[in-house]
Every structure is written in structure tokens, then in C-alpha cells.
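Asks: Handing you this structure, nothing more for now.
The values are calculated or read from the model by the stated rules, or taken from the named source; none is laboratory data. Keep in mind that what you see is a predicted model, and the values were worked out from it rather than measured. Note that we place each Cβ from the backbone using ideal geometry, even for glycine, and neighbour counts take in every protein chain shown. Protein only, heavy atoms only, side chains kept; ligands, DNA and RNA dropped before computing areas. Shrake-Rupley method; radii C 1.70, N 1.55, O 1.52, S 1.80 Å.
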Amino acid sequence: MLKKTAAMFAIASLMLTACKKENAALRIDDETAKKAEIAHAQSGNLPVAKFESMEYDFGTITEGDKVEHVFKVTNDGTADLVISEVKPSCGCTVPEYTKTPIAPGAQGDIKVIFNSTGKSGNQEKTVTVTLNTEKATEILKFKANITPKAGGIGVTPAAH
């Protein structure tokens, strides 16, 4: 009788363990299926961000100049385009952007203001844009060649 009870307990334990594993697998499958179902339902109804340009060259500027450029984005999709975040690669860049949903066919702006104070030579910076598109992020780039300020601190060669 004791052997029979121990055997029944072992079988019950195996079944419970198997059920837990099976439920975990089903739970993952349900989550995956739900995500796939949502993606499928939205697949024909997505915003599409189309930028006029993804890069901009400020050319040669003087150290200390603040320059700005506006990147234009058009919603070529069939649902509202939402820009949720614009993150610059450094503290020398300040972004401003359209914070309201951009309707299909409409245009929004992402302005970058670059402060060249303390910078010199060729500078290349990026701005990461987070959107509600299939791709989810876009990288905008800009560059500038920064020359020193006239009359700045420097070494003057001695006269011979």
C-alpha cells in the first residue's frame, strides 16, 4: 500500500510539473499569438515616415555659432504618425519637434539647434527619432566644419 501511494504521488507530481510546463508554453504562445494578431490587424493601417533628407551639412561655421536646421517629415501612411522622442547624441544639440499626431499626408518638423561653443574642426552629430512606425526609429545626421573664433587665444609666432 505504501509503495502504491508513493507511486501515485510520483505520478501526480510528474503530471503537475508537466501541466505547469505546458501552461507556460501555452502562455507564451498566447502572448505571441496576441502580438501577431495585433500586428496583423494594424498591418494595413500604419504611419510611414518619409523624410525630405536624413542628413544636413551646415558647412563652415565659426566656433560659438548657434545654427539650426529643420528636417521635414511627411506621413505617407494610413494612420497618424506620432513622434514620441527626439534624442540628440550630445548636449550641444537641442531638438524641437512636432508633438501632435501628424495625419496621413500631412507634414511635421524636427528642428535641431547646434551650439558650436567649445567645438572645433569637423563635427558629425546624430539625432535619434522615435516614432510609431514599423521601423520605430530613424537616425538624422548633421555635420559642420568649425573654425576658431577670430581674436581667440592662440600662439602668435615671434617676429625675426
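Asks: Protein chains only, probe 1.4 Å: how do Glu96, Glu134, Glu68, Glu52 rank by accessible area, largest first?
Replies: Result, largest first: Glu134, Glu52, Glu68, Glu96.
Asks: Quick check: residue separation of Glu68 and Asn45 times 0.36 nm, minus the Cα distance between them. What number comes out in nm?
Replies: Full extension from Glu68 to Asn45 adds 4.9 nm.
Asks: Okay, moving on. If we count every other residue with Cβ under 14 angstrom of Lys135's Cβ, Lys/Arg +1 and Asp/Glu -1, where does the sum land?
Replies: -2
Asks: Modelling each spin label as a point 7 Å along the Cα-to-Cβ direction, I'd like the Val94/Ile113 distance in nm, to one decimal.
Replies: Between Val94 and Ile113, the simple spin-label model gives 0.3 nm.
Asks: What do you reckon, how do Ser84, Ser116 stack up by accessible area (1.4 Å probe), largest on top?
Replies: Ser84, Ser116
Asks: Ok, one more. How do Lys125, Lys135 stack up against each other in accessible area, from largest to smallest, with a 1.4 angstrom probe?
Replies: The ranking, largest first, comes out as Lys135, Lys125.
Asks: If you don't mind, another one. Ignoring everything but the protein chains, give the 1.4 Å probe accessible area of Ile102 in square angstrom, nearest 10.
Replies: 10
Asks: Sticking with this structure for a sec: Within 9 Å, Cβ to Cβ, of Ile146, how many net charges do the neighbouring residues add up to if Lys/Arg are +1 and Asp/Glu are -1?
Replies: Local net charge: -1.
Asks: Now a separate question. Using label points projected 7 Å from each Cα along Cα→Cβ, tell me how many nm separate Ser84 and Ser53, to one decimal.
Replies: 3.0
Asks: Run the 1.4 Å probe and let me know the accessible area of Lys87, rounded to the nearest 10 Å².
Replies: Roughly 120 Å² of Lys87 is accessible to a 1.4 Å probe.
Asks: While we're looking at this one, here's another question. Per residue, how large is the accessible surface of region 51-136? Use a 1.4 angstrom probe and give square angstrom.
Replies: Per-residue value: 53 Å².
Asks: OK, next. Short version: ³J(HN,Hα) in whole Hz for each residue of region 83-91, in order, from phi by Karplus 6.51 cos²θ - 1.76 cosθ + 1.60 (θ = phi - 60°), x for Gly and Pro, what are they?
Replies: 8, 8, 7, 10, 10, x, 7, 8, x
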